[in-house]
Amino acid sequence: MVTVGRVLASPEEKRLLGQTTHSAIADMESYWVGLVARSAGIPFAVMRVVVDTLHQALPPFLARYEGGAWERTALKWAMARPWWWPRLWGLREATLRAQTALGRAVLALSSAWEAQREAA
């Protein structure tokens, strides 16, 4: 995993990052949170799920995403490009699968921690 400072929307950007860093996953948030936690002496762990693959193009408007309210921009963009709707639906489905997987992993991890704590 490598930390990046922006959304990588195109498969070309993702492949280039993978080739130059030998990484399969780009993360925008965890590194910086971990860095702050470490400097404050706070234990930090991260569990990530991957929604978009190296070969999957994201909607180009995401490349300009800088946080904040962007739903209206996304909706306008999508309404003007109906040919993207199947890919957007696929991204939605991948997001739901990722949420489910992450939820199950968190439950399993918390159960394991609880069992370890009780055994100690």
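Every read-out reported here was derived from the displayed coordinates using simple, explicitly stated rules and does not represent laboratory data. What you are looking at is a predicted structure, and each value in this text was computed from that prediction instead of being measured. Cβ: placed from backbone, ideal geometry, glycine included. Neighbour counts: every protein chain shown.
Worth pointing out:
- Going through (1) surrounded by 10 or more Cβ atoms within 10 Å (Cβ to Cβ); (2) without any contact (Cβ under 8 Å) to a residue 24 or more places away in the chain one by one, Lys14 falls short only on (2).
- Among the residues listed as Leu96, Leu107, Leu54, the single one being touching a residue at least 24 places away in the same chain (Cβ under 8 Å) and either on the phi < 0 side of the Ramachandran plot or touching a strand residue (DSSP E or B) at 6+ places or on another chain (Cβ under 7 Å) (or both): Leu54
- The number of residues in the range 17-33 being aliphatic (A, V, I, L, M) and either without any contact (Cβ under 8 Å) to a residue 24 or more places away in the chain or over 25 Å from Pro59 (Cα atoms) (or both) comes to 2.
- Pairs with Cβ under 8 Å, 6+ apart, first in the range 34-51 and within 17 Å of Arg104 (Cβ to Cβ), second assigned to a loop (DSSP other than H, G, I, E, B) and of a type in the set (A, V, I, L, M, F, W, C): Arg48/Met1; Arg48/Ile25; Val50/Ile25
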